[in-house]
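The values are calculated or read from the model by the stated rules, or taken from the named source; none is laboratory data. Here the structure is a predicted model, which is why all the values come from computation and not from measurement. Cβ atoms come from the backbone with ideal geometry, glycine included; neighbour counts cover every protein chain shown. For accessibility, only protein heavy atoms count, side chains too; no ligands or nucleic acids. Shrake-Rupley method; radii C 1.70, N 1.55, O 1.52, S 1.80 Å.
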Amino acid sequence: MARDRSQYRCAECGAVFAQWAGQCTTCGAWNSLAEQAAAPAVRGGARQSATGWSGERTVVRLREARAGAPARLATGSSELDRVLGGGLVPGSVVLLGGDPGIGKSTLLLQTLARLADTVSVLYASGEESAAQIATRAQRLQLGDADLPLLIDARLEAILDAAADCQVLVVDSIQTLFAESVASAAGSVSQVRECAARLTRMAKTHGISVLIAGHVTKDGALAGPRVLEHIVDTVLYFEGDSTSPYRIVRAFKNRFGSVNELGVFAMTETGLKEVSNPSAIFLTRHPRPVAGSVVMATLEGTRPLLLEVQALVESSPLGTPRRLTLGMDGSRLAMLLAVLHRHAGVALFDQDVYVNLVGGLKVTETATDLPVLLAALSSLRNRPLPADLFSFGELGLAGEVRPVRGGQERLGEAAKLGFKRAVVGKLNAPRKPVPGLQVLALEHLGEIGDVFAQLVD
Ligand code: TYD
Ligand code: MG
């Protein structure tokens, strides 16, 4: 019978094969196929819909199903509420991913301890003992919190214990195992099964479930990427381990916008909210330095100022280096080509390094203009004024294109005391902003003149 045969599942994309192979033909990953027993016929129920609407086949009319905005449960942390889109939605499942040690357990424990005052909660951990959690709680000054703990890695036990609570935390999905699945905890089939059944319970009982998940070295959630499809919201912790700042970014959100950021600082007593992030990402040098430009970025709905640094240095190599931290590396190569073609600045014999200070990853294109300004400043070894900031996208034809939220960016920078802006013409404010001089570019060809004007 086919059911009893093993099958092979790709740990990256979840595709199933009858035979083992060195490479997954679906996603191209190498060495990612792992053997597992074929799914059991009924038990477990991974074969039912992961959303939990199994069984009932009642057709409803959209008009009648309209329920208004979901009631949300404030988590007590304005930064976390912001990334969630306004708080926890009952019956929703949130996956909190991040490197080991970045602060997932800390954030979940802090949040749950706050919620425990008003709603019924459960903290289920398959990773740490009650004593370890208590030590952490003491450190977080939450030692007196009245928080029910369940130290168990069995999914069935957790589902049982959580049936009548409103908010459940599971730490972490990789340690959980369902008895109906034969493979080891952390394997693709276990992680999928556990996430699917937790999701089903969340939907049927209206429980908000928060799941911690570790990510692998290459940044994927360990185990299947399919997890991201099962849950409603995926949040990722970012930040480099040497800095105290931690960013929580929404990667997927069925109940709010993505790209919204929550900013925290890891302190002696746990994660603290940072409500004015520009203040931390912006380092001010005692005197202006070459290769440094402040950029105004817009993350979700919040403008944020941060420093872009570039170092341009003659290269001893045949193929000079292009290295970026915090932005896309191939975008830098493209920008340098545009700079060459449209502004006549050749960097083919120079190494170019770009760093977005503070560990933030910026994916938007408004970095283009500040990066090139910083590179020019480093190349010519001329510092730009400290009260200058910039943002703007570049096209391959050398045109400076507008980016969204120009007014918000200009406003935030003006509020923080910046006096000069280099932006695209279409982002220039229609009526002058008091105290702000705007240098508007239509084409990259003008950058040489603007630069000369600024460093004089
Ligand atoms: P943790 O929440 O255990 O990480 P994860 O669950 O993502 O693996 O993070 C613990 C790290 O944070 C650990 O390196 C110590 C540090 N930390 C503090 O700096 N202050 C604190 O109050 C706590 C609880 C942890
Ligand atoms: Mg942990």
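Take the conditions surrounded by 16 or more Cβ atoms within 10 Å (Cβ to Cβ), aromatic (Phe, Trp, Tyr) and more than 31 Å from the chain's Cα centre (by Cα) and apply them to Phe451. Does it pass?
Numbers: surrounded by 16 or more Cβ atoms within 10 Å (Cβ to Cβ): yes; aromatic (Phe, Trp, Tyr): yes; more than 31 Å from the chain's Cα centre (by Cα): yes.
It is true that Phe451 is surrounded by 16 or more Cβ atoms within 10 Å (Cβ to Cβ), aromatic (Phe, Trp, Tyr) and more than 31 Å from the chain's Cα centre (by Cα).
Based on this model, can you work out whether Ser275 counts as within 11 Å of ligand 1 (Cβ to nearest atom), in a loop (DSSP other than H, G, I, E, B), touching a residue at least 24 places away in the same chain (Cβ under 8 Å) and open to solvent by 60 Å² or more (accessible area, probe 1.4 Å)?
On the way: within 11 Å of ligand 1 (Cβ to nearest atom): no; in a loop (DSSP other than H, G, I, E, B): yes; touching a residue at least 24 places away in the same chain (Cβ under 8 Å): yes; open to solvent by 60 Å² or more (accessible area, probe 1.4 Å): yes.
Here the answer is no, as Ser275 does not meet what is asked.
I'd like to verify a number: residues in segment 122-178 that are within 16 Å of ligand 1 (Cβ to nearest atom), open to solvent by less than 50 Å² (accessible area, probe 1.4 Å) and of a type in the set (Val, Ile, Thr), how many?
Number satisfying all stated conditions: 5.
How many residues, within segment 179-215, are surrounded by fewer than 20 Cβ atoms within 10 Å (Cβ to Cβ) and free of Cβ contacts under 8 Å to residues at least 40 places away in the same chain?
Qualifying residue count for the region: 3.
Before we move on, is Ser105 in contact with a helix residue (DSSP H, G or I) (Cβ under 8 Å, 6 or more places away or on another chain), within 16 Å of ligand 1 (Cβ to nearest atom) and touching a residue at least 12 places away in the same chain (Cβ under 8 Å)? Before you say what the answer is, go through the steps one by one.
Values: in contact with a helix residue (DSSP H, G or I) (Cβ under 8 Å, 6 or more places away or on another chain): yes; within 16 Å of ligand 1 (Cβ to nearest atom): yes; touching a residue at least 12 places away in the same chain (Cβ under 8 Å): yes.
Yes.
Can we say Ala74 is away from ligand 2 (no atom under 15 Å from the Cβ), surrounded by fewer than 22 Cβ atoms within 10 Å (Cβ to Cβ), modelled with pLDDT under 90 and among the aliphatic types (A, V, I, L, M)? Write out each step before concluding.
On the way: away from ligand 2 (no atom under 15 Å from the Cβ): yes; surrounded by fewer than 22 Cβ atoms within 10 Å (Cβ to Cβ): yes; modelled with pLDDT under 90: no; among the aliphatic types (A, V, I, L, M): yes.
The answer is no for Ala74.
Please work out which residue is modelled with the lowest pLDDT, limiting yourself to segment 360-389 and to residues that are crowded, with 20+ Cβ neighbours inside 10 Å and in a loop (DSSP other than H, G, I, E, B).
Restricting to residues being crowded, with 20+ Cβ neighbours inside 10 Å and in a loop (DSSP other than H, G, I, E, B), the top hit is Leu360.
Considering only segment 399-420, state which residues are in contact (Cβ under 8 Å) with a residue 40 or more places away in the chain and open to solvent by less than 30 Å² (accessible area, probe 1.4 Å). Outline the logic, then answer.
Looking only at segment 399-420, we keep the residues that are in contact (Cβ under 8 Å) with a residue 40 or more places away in the chain, and these are 399-400, 403-405, 408-413, 416, 418.
Of everything in segment 399-420, those that are in contact (Cβ under 8 Å) with a residue 40 or more places away in the chain and open to solvent by less than 30 Å² (accessible area, probe 1.4 Å) turn out to be Val400, Val403, Gly405, Arg409, Leu410, Glu412, Ala413, Phe418.
Out of everything in segment 92-112 that is open to solvent by less than 10 Å² (accessible area, probe 1.4 Å) and either among the hydroxyl-bearing types (Ser, Thr, Tyr) or more than 23 Å from Glu238 (Cα to Cα) (or both), what residue ends up being nearest to ligand 2 (Cβ to nearest atom)?
Thr111
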